[in-house]
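Heads up, the thing below is written out as C-alpha cells.
The values are calculated or read from the model by the stated rules, or taken from the named source; none is laboratory data. As the structure is a computational prediction, the values presented were derived from the model and not from experiment. Glycine also receives a Cβ, built like all others from the backbone with ideal geometry; neighbour counts cover every protein chain displayed. Protein only, heavy atoms only, side chains kept; ligands, DNA and RNA dropped before computing areas. Shrake-Rupley method; radii C 1.70, N 1.55, O 1.52, S 1.80 Å.
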Amino acid sequence: MAKVNYKRSIWLVIIIALVMTTLYIKFFQDSNEHIPPKHNLEKTGAGAVIDFTDATKKIHIAVDSVLAKNGFSVGETKEITKEVPRKNIEGTIRWHTRQLLITVPAEASAESIKEIFKSAVHNADGQVFSSQPDTYQGVAVVRIDIGLKDQLAKEDVTIISDRVYLTQGKPISPKTTNKIDAKDDGSIKGKMAIIIDDFGYNKESIAAFAALNRPITFAVIPYRPFSNEAAAKGLSSGNQVILHLPMEPLSQSAQSEELTVAVNMSDEEIQNMVKQAIQSVPGIIGVNNHQGSRATADRRVMQDVLAVLKENHLFFVDSRTNSQSIAAETARQMGIKTGENELFLDNIDEVGAVKAKLRTAQEMAIKHGTVTVIGHARMNTAIAVKEMIPEFESQGIHLVFVSQFLQ
C-alpha cells in the first residue's frame, strides 16, 4: 500500500510540474503578444507597407523634449517621409526622418549630450546608434544618429529617425567656410582624405583600420558576409561610413557583384536597387561607386542613382574608375554635394608599393592643399597607412574625412 501511495505521489508531482510549465509558457506567450508592434501594417495591391511613421514621430517627441529641457538652440531643420522597398519580399518600409542642426554650450561635451539623448529616446523605444565627427556647411560638427531597430520575419530593419548635428558655442552662419588654413596655426601644409573601399568581404582588415585612430572613410559594399560588422565597427570607432555601390564595369567578365546597377536596367529598376542597397547598410552618410566604368559614363543611369541619393540627403564621391565618367559633373548639376578620387593606392598589394603611393598623395596634398585617395580593405594597405601616419604628421599632412572636401 505504501508503494502505491508513493507512486501516486510521484505521478502527482509530475502532473503538477507539467501543468505549471504549460501555464508559464502560455503566460510568457500571452505577455509577448501584448507587446505593441513598432509599426503599422497597410495592405496595398503591391504588397504590404510596413509603416514606422508613428514610432519615429514618438522618437521625435523625445528628442524635442531634450532640446527644450536643455535650452539648446535649434537652427536648420529638414524633414522627409521615406519609403523604400523591402528586401526579398514584395512591399515597402515607410518612416519619417529629420535632420536637426543644434547649437550647444561650448563647455558641453558631445558624449554627455549623447547620453542625455540615449536616456530620453529609450523611453520612446528608440536608441542612439552612434556619435561621430562630421561636417555641416563645411564646418566641423558632431553627428548623433538616433532611431530604432526591428525585425520583420527574418529581416533586420534599422531606421534613422533623427540625425542631430551638434555645433558648439555659436550657430553656424551660411557664409562660414572651411578653408585649409582657416583653423590651423600654419603647421598644416595639406589635408588628405582616405577612403577605404570593399569593406564586407573579409573580417581581419575591419579591426585593423578601426584601430588606426585617424579619420578613415569606410566604404561598405552591400550584402556581403561582413558588411554590417564593418559598418558597425566603422561607426563605433568614430569613423564615417558610406555605401560602396556596385555599378556596371566596361568588361562584363570583370563584374564582381551579382546585384549591380547596370545600363540596361529601367529607371525604376535602378532606383529600386539603389534604395535597397542604401537600406542594407545602416549609418551611411554618402555613397561611392564600386567598379562602374560603364555606368558612371551613362548620364541617364547616373541621374537615376543620384536622384535616390538626393532624396536620402546623401553625398556622392566618384571613384573615377573611368576617365570618361560624368558622375561628379551630373551630381553637381543636380545640387548634390560631391567629390572625386584622385589616386588609387593599392593596385599593387604590397606594403612598400602602397607607401610609395601614399607619399605621392602627400606631395599632392602639399601642392594643392587637399587630396582624396582610395585604397581597399586589405591588411597590407592598413599596415602601410599605419606606418605612414608619423611621416604624414611630421610633414604637416592632416588626415580628414572625405565629407570635408565636398562641393
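Sort out which residues of region 357-407 are over 23 Å from the mean Cα position of the chain (by Cα) and part of a strand (DSSP E or B), and write them in order of number.
Step one: list which residues in region 357-407 are over 23 Å from the mean Cα position of the chain (by Cα), which gives 357-370, 380, 383-384, 386-398.
THR370, ILE397, HIS398 - these are the residues of region 357-407 that are over 23 Å from the mean Cα position of the chain (by Cα) and part of a strand (DSSP E or B).
Within region 221-238, how many residues are part of a loop (DSSP other than H, G, I, E, B) and within 18 Å of ILE278 (Cα to Cα)? Walk me through how you get there before you give the answer.
From region 221-238, those part of a loop (DSSP other than H, G, I, E, B) are 221-226, 237-238; that's our starting set.
From what's left, within 18 Å of ILE278 (Cα to Cα): 221-226.
Final tally of qualifying residues: 6.
Is there any pair with a first residue in region 381-397 that is in the same structural domain as LEU212 (by the TED database) and a second that is β-branched (Val, Ile, Thr) and open to solvent by 50 Å² or more (accessible area, probe 1.4 Å) whose Cβ atoms are under 9 Å apart and which are 6 or more apart or on different chains, and what are they?
So the pair list comes out as GLN395/ILE366; GLY396/ILE366; ILE397/ILE366.
Answer with yes or no whether GLY335 is at positive phi and free of Cβ contacts under 8 Å to residues at least 60 places away in the same chain. I'd like the intermediate steps shown before the answer.
Values: at positive phi: yes; free of Cβ contacts under 8 Å to residues at least 60 places away in the same chain: yes.
Taking the combined requirement at face value, the residue satisfies it.
Report, by residue number, each residue of region 233-269 that is of a type in the set (Gly, Ala, Ser) and buried (at least 21 other Cβ atoms within 10 Å of the Cβ). It would help to see each step written out before you state the result.
We begin by selecting, within region 233-269, every residue of a type in the set (Gly, Ala, Ser); these are 234, 236-238, 251, 253-254, 256, 262, 266.
Residue satisfying the conditions is GLY234 alone.
Could you check region 53-88 and list, in sequence order, the residues that are modelled with pLDDT of 85 or more and among the charged types (D, E, K, R)?
Result: ASP54, LYS57, LYS58, ASP64.
Which count do you get for residues in region 348-380 that are in contact with a helix residue (DSSP H, G or I) (Cβ under 8 Å, 6 or more places away or on another chain), in contact (Cβ under 8 Å) with a residue 12 or more places away in the chain and open to solvent by 60 Å² or more (accessible area, probe 1.4 Å)?
Residues that pass the stated criteria total 5.
Are there any pairs, at least 6 apart or on different chains, whose C-beta atoms fall under 8 Å, with the first in region 50-62 and in the same structural domain as SER161 (by the TED database) and the second open to solvent by less than 10 Å² (accessible area, probe 1.4 Å) and part of a helix (DSSP H, G or I), and if so, which?
Listed pairs, sorted by first residue: ILE59/VAL121; ALA62/VAL121.
Hey, can you tell me all the residues within region 338-360 that are within 30 Å of LYS310 (Cβ to Cβ) and out of contact with any Phe, Trp or Tyr (no Cβ under 6 Å at 6 or more places or on another chain)? Steps first, answer last, please.
From region 338-360, those within 30 Å of LYS310 (Cβ to Cβ) are 338-345; that's our starting set.
Once the filter is applied, which keeps residues that are within 30 Å of LYS310 (Cβ to Cβ) and out of contact with any Phe, Trp or Tyr (no Cβ under 6 Å at 6 or more places or on another chain), region 338-360 yields GLU340, ASN341, GLU342, LEU343, PHE344, LEU345.
Before we move on, is PHE218 at pLDDT 95 or above, in a strand (DSSP E or B) and either among the polar types (S, T, N, Q) or in contact with a strand residue (DSSP E or B) (Cβ under 9 Å, 6 or more places away or on another chain) (or both)?
Working: at pLDDT 95 or above: yes; in a strand (DSSP E or B): yes; either among the polar types (S, T, N, Q) or in contact with a strand residue (DSSP E or B) (Cβ under 9 Å, 6 or more places away or on another chain) (or both): yes.
In short, yes.
Could you list, in sequence order, all residues of region 79-115 that are basic (Lys, Arg) and in contact with a Leu (Cβ under 8 Å, 6 or more places away or on another chain)?
Our first condition is that a residue be basic (Lys, Arg); within region 79-115, this holds for 82, 86-87, 94, 98, 114.
Once the filter is applied, which keeps residues that are basic (Lys, Arg) and in contact with a Leu (Cβ under 8 Å, 6 or more places away or on another chain), region 79-115 yields only ARG86.
Does ILE336 satisfy being open to solvent by less than 40 Å² (accessible area, probe 1.4 Å), closer than 30 Å to HIS96 by Cα and not in a helix (DSSP H, G or I)?
Details: open to solvent by less than 40 Å² (accessible area, probe 1.4 Å): yes; closer than 30 Å to HIS96 by Cα: yes; not in a helix (DSSP H, G or I): yes.
The answer is yes for ILE336.
Working only within region 277-302, note down all residues that are touching a helix residue (DSSP H, G or I) at 6+ places or on another chain (Cβ under 8 Å), open to solvent by 20 Å² or more (accessible area, probe 1.4 Å) and polar (S, T, N, Q).
Once the filter is applied, which keeps residues that are touching a helix residue (DSSP H, G or I) at 6+ places or on another chain (Cβ under 8 Å), open to solvent by 20 Å² or more (accessible area, probe 1.4 Å) and polar (S, T, N, Q), region 277-302 yields only GLN291.
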